Amino acid sequence: MLLPVTALINAICLALLLLHTESTQPPFSCDSANPQTKLFPFCQTKLPIRKRVQDLVSRLTLDEKISQLVNSAPAIPRLGVPPYEWWSEALHGVSGYGYGVTFNGRISSVTSFPQVLLTAATFDSHLWYRIGQAIGKEARAVYNAGQAKGMTFWAPNINIFRDPRWGRGQETPGEDPLVVGNYAVAYVRGIQGDTFQGGKLNSGHLQASACCKHFTAYDLDNWNGVIRFGFNAQVTKQDLADTYQPPFRSCVKDGKASGIMCAYNSVNGVPNCADYDLLTKTARGEWGFHGYITSDCDAVAVIYNVHKYTKSPEETVADVLKAGMDVNCGSFLKNYTKSAVQQKKLLETAVDRALHNLFAVRMRLGLFNGNPNNQLFGDIGPNQVCTQEHQDLALEAARNGIVLLKNSAKLLPLSKNKITSLAVIGPNGNNAYVLVGNYEGPPCKSVEILKALQSYVKNTKFHPGCNAVNCTSVAIEDAVNTAKGADYVVLVMGLDQSQEMEERDRLYLTLPGQQESLVTAVAKAAKKPVILVLVCGGPVDVSFAKYNPQVGSILWAGYPGEAGGIALAEILFGDHNPGGKLPVTWYPKDFTRVPMTDMRMRPEPSSGYPGRTYRFYNGKKVFEFGYGLSYSTYTYEFISSTPNTLHLKQLLNSPTTIESSSSLRSLPVSDMGAEICEKAKFSAIVGIENSGEVAGKHPFLLFARHDRPSNRSPLKQLVGFQSVSLNSGERREVEFVISPCEHLSTATEDGLMVIEEGYRYLMLEDTEYPINIVI
Ligand SMILES: *[C@@H]1O[C@H](CO)[C@@H](O)[C@H](O)[C@H]1NC(C)=O
Ligand SMILES: *[C@@H]1O[C@H](CO)[C@@H](O)[C@H](O)[C@H]1NC(C)=O
């Protein structure tokens, strides 16, 4: 039968309308309109969540229980429980990666903040918190609009950026455990809906759920044939104690994250997701973790198939559930839990334990309270996504993160009114997509660097120079001709996701392909020294440009997010004074002689192993951790520290806890306890002056070094950082609160954190201040 056209159109409209209404309804349990379910105790919001979960789990059959142990948990229709998707992503903005979120409804784009490594370069924890808040709000809006099948987001990625080649280093806040830990806490408090200081705003309810990943010592994806799935990270107790674990401890203890992801790799022979000591003893026991633990995707299957750690699938299921994992991203637990129970490898109570954690988080998200439109967070609508405020925040983060690495003869800032022509050269110059990095969402807006610069200088010409970022073929002559005609030249080079990403570590630290030849040739031909902009996550060895006088300025722009092009243009033309500082060490290219698989942080002089990160690496650097220039100059002085001699023994009731290890007397932090650690805190006051001509927001990094370091203690250690705005000529006194337990302790080879006696020097740029610790 042939339908008349109008009927056909009506039918399509009706179908669209049905689709539309379907997608505007968020999934929830305990509908008050459903007389069958509303009386269940698990729907009674007045009962404690523990009781409600107990009730719900007690109603489930074994098959229903097993069905809930995977990321795509099906509905339980007879109890009015809708399907739930555990896997959503929100690394630097809500993202469509994972199965939880779609952008096919009223919300089709979200705020795309800079990739995390660039945001870390602001060294501004309040900014990190505000980004977390904005992401949490946008996530809730997506859920309320019916475009999310879950509210559990698998971010932040807080593995230490241990090796410059790591393809996922861009996702992390860098190489320093204090910075990474502070980032984790700020982001988690923001997205989950707590205050910046950690106060609970919503009586334990979660705006959205964060997940500290990847637990633990995961920082290799695919290098030289070594693949993350079967990698056994050999990690010393000492490195675990003062490098790999601290960010996770902060994320859980201080951030109160409601999720943890166990990683693919093994640590010292035990796959993380099967490690009882890690998941249950450490995270839940020592750190007081209350939340759910998910596997990375297919990380349970690889325990059996790749690590070959277990003899049967059923033994694998038993191992992970007994270790404390709760949900499997993948299908392994769906397939093999029933047979594991039947073979008596596993008691049903182990399944119940996991389900308690899982349903407790869904309840804390408010998904068992009836229609969420009438609940807490129910009024967050699509108009709260891509707001001017959020887009301004994305711009602020990019502005304050971008790092000025070289600025000879004050080439920058360019003067807006005098320049009549500009050339933009390079494969990253006219690509807005490259700016958002990986795990991105569809951004509110896209502006290429080229377009942003054209808004300052109309006569701006572009040539990509290379065929692609890999620059396997280069058009030097054409690029040189474009450059020759312009007053100034901006080269936009670097990397993209074809060079560094998940499952792709780099083999070289130099710019890919012919990029160096292009930069050098263009710099030689240009009228004035050129400006080199590096769009990349991990560091590159640009020594060739650092020492070339024809390259006047170098900037690291990271992957600066949706507003990154504008931020960069503002910096080049002096509408913003750059203040970002590198959150990672930039190593020379010959660092690649170090195997990426070597997890040791500390150097081994006898074998020529140089160690890793600014805390231990003893070789040459291209740029240091914490390095970054400004258009202004700053001067620093220490004013005071009260007290400057710490008598730790006097704080203790019983001096018998004093231990004598190595040549220095030391005190275990665990013996001091939380109360005495709190009492031992002291302040250092520093004076900071903007002695230059322009106002600026600038982070100040305070380090400490040991007067008598052993060959295994850090060269120096960051103990505090603050971002301060100062007008030209303005001086300010800033207080840093220092906790000897947290900031001045060192790890023994057994992994015990101790405070050693003797002098420490607090360091602010070239200024030092002594603190004497007496035991
Ligand atoms: C689980 O079973 C399904 C269906 O037989 C199969 O497609 C899937 O690969 C299995 N998953 C695992 C991890 O064994
Ligand atoms: C370089 O990049 C281009 C564009 O992405 C791609 O087609 C080409 O295969 C790459 N070449 C190499 C050698 O990787």
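If I filter the stretch 696-731 down to residues being surrounded by fewer than 16 Cβ atoms within 10 Å (Cβ to Cβ) and at pLDDT 95 or above, which single residue comes out as farthest from HIS576 (Cα to Cα)? First the steps, then the outcome.
First pass over the stretch 696-731, keeping only residues surrounded by fewer than 16 Cβ atoms within 10 Å (Cβ to Cβ): 707-711, 725, 727-731.
Right, trim to at pLDDT 95 or above and you get 725, 727-731.
Working: SER725: 12, ASN727: 13, SER728: 14, GLY729: 17, GLU730: 18, ARG731: 20 Å.
Applying the filter and picking the extreme gives ARG731.
Limited to the stretch 131-175, what total is found for residues that are within 13 Å of the chain's Cα centre (by Cα) and in a loop (DSSP other than H, G, I, E, B)? Let's see the steps before the verdict.
Residues of the stretch 131-175 that are within 13 Å of the chain's Cα centre (by Cα), as a first pass: 131-132, 153-161, 168-175.
After this cut, where a residue has to be in a loop (DSSP other than H, G, I, E, B) as well, the list is 154-156, 158-161, 168, 172-175.
Qualifying residue count, the stretch 131-175: 12.
Only one of LEU178, LEU220, LEU240 is in contact (Cβ under 8 Å) with a residue 60 or more places away in the chain, in contact with a Phe, Trp or Tyr (Cβ under 9 Å, 6 or more places away or on another chain) and not in a loop (DSSP other than H, G, I, E, B). Can you tell me which? Reasoning before the result, please.
Working: LEU220 fails: not in a loop (DSSP other than H, G, I, E, B); LEU240 fails: in contact with a Phe, Trp or Tyr (Cβ under 9 Å, 6 or more places away or on another chain).
Exactly one residue qualifies, and that residue is LEU178.
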Listed by first then second residue, the pairs whose first member lies in the stretch 324-352 and is assigned by TED's automatic domain parsing to the domain that holds ILE66 and more than 16 Å from ligand 2 (Cβ to nearest atom), whose partner is polar (S, T, N, Q) and part of a loop (DSSP other than H, G, I, E, B), with beta carbons under 6 Å and at least 6 positions apart or on separate chains, are CYS329/ASN71
When both residues are 6+ apart or on different chains and their Cβ atoms are under 8 Å apart, which pairs have a first residue that lies in the stretch 471-486 and is among the hydroxyl-bearing types (Ser, Thr, Tyr), and a second that is surrounded by fewer than 13 Cβ atoms within 10 Å (Cβ to Cβ) and outside any loop (DSSP other than H, G, I, E, B)? none
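Sort through THR152, THR119 and tell me the only one that's closer than 28 Å to GLY611 by Cα, crowded, with 24+ Cβ neighbours inside 10 Å and not assigned by TED's automatic domain parsing to the domain that holds ASP505.
Working: THR152 fails: closer than 28 Å to GLY611 by Cα.
From the options THR152, THR119, the qualifying one is THR119.
With respect to LYS51, determine if the residue is in a helix (DSSP H, G or I) and without any contact (Cβ under 8 Å) to a residue 24 or more places away in the chain. Full working, then the answer.
On the way: in a helix (DSSP H, G or I): yes; without any contact (Cβ under 8 Å) to a residue 24 or more places away in the chain: yes.
Against the criterion (in a helix (DSSP H, G or I) and without any contact (Cβ under 8 Å) to a residue 24 or more places away in the chain), LYS51 qualifies.
State all residues of the stretch 311-329 that are in a loop (DSSP other than H, G, I, E, B) and buried (at least 21 other Cβ atoms within 10 Å of the Cβ); if no residue qualifies, say none.
Within the stretch 311-329, the subset in a loop (DSSP other than H, G, I, E, B) is 311-312, 324-326, 329.
Scanning the stretch 311-329 gives GLY324, MET325, ASP326, CYS329.
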Residue under question is GLY291, and the condition is that it be crowded, with 19+ Cβ neighbours inside 10 Å, among the small types (Gly, Ala, Ser) and away from ligand 1 (no atom under 16 Å from the Cβ); does it hold? yes
In the stretch 106-128, the residues that are part of a loop (DSSP other than H, G, I, E, B) and not aromatic (Phe, Trp, Tyr): ARG106, ILE107, SER108, SER109, THR111, SER112, PRO114, GLN115, ALA121, THR122, ASP124
Looking at LYS338, LYS308, LYS334, LYS344, which one is within 24 Å of GLN234 (Cα to Cα), of a type in the set (Lys, Arg) and surrounded by fewer than 21 Cβ atoms within 10 Å (Cβ to Cβ)? LYS308
In the set PHE229, PHE248, which member is under 26 Å from HIS290 (Cβ atoms) and assigned by TED's automatic domain parsing to the domain that holds THR280? PHE248
Of the listed residues (GLN497, GLN550), the one being touching a helix residue (DSSP H, G or I) at 6+ places or on another chain (Cβ under 9 Å), within 16 Å of ligand 2 (Cβ to nearest atom) and closer than 27 Å to ASN400 by Cα is GLN497
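The values are calculated or read from the model by the stated rules, or taken from the named source; none is laboratory data. Worth saying up front: this structure is predicted, and the values here are computed from it rather than measured. All Cβ positions, even for glycine, are placed from backbone atoms using ideal geometry, and neighbour counts span all protein chains on display.
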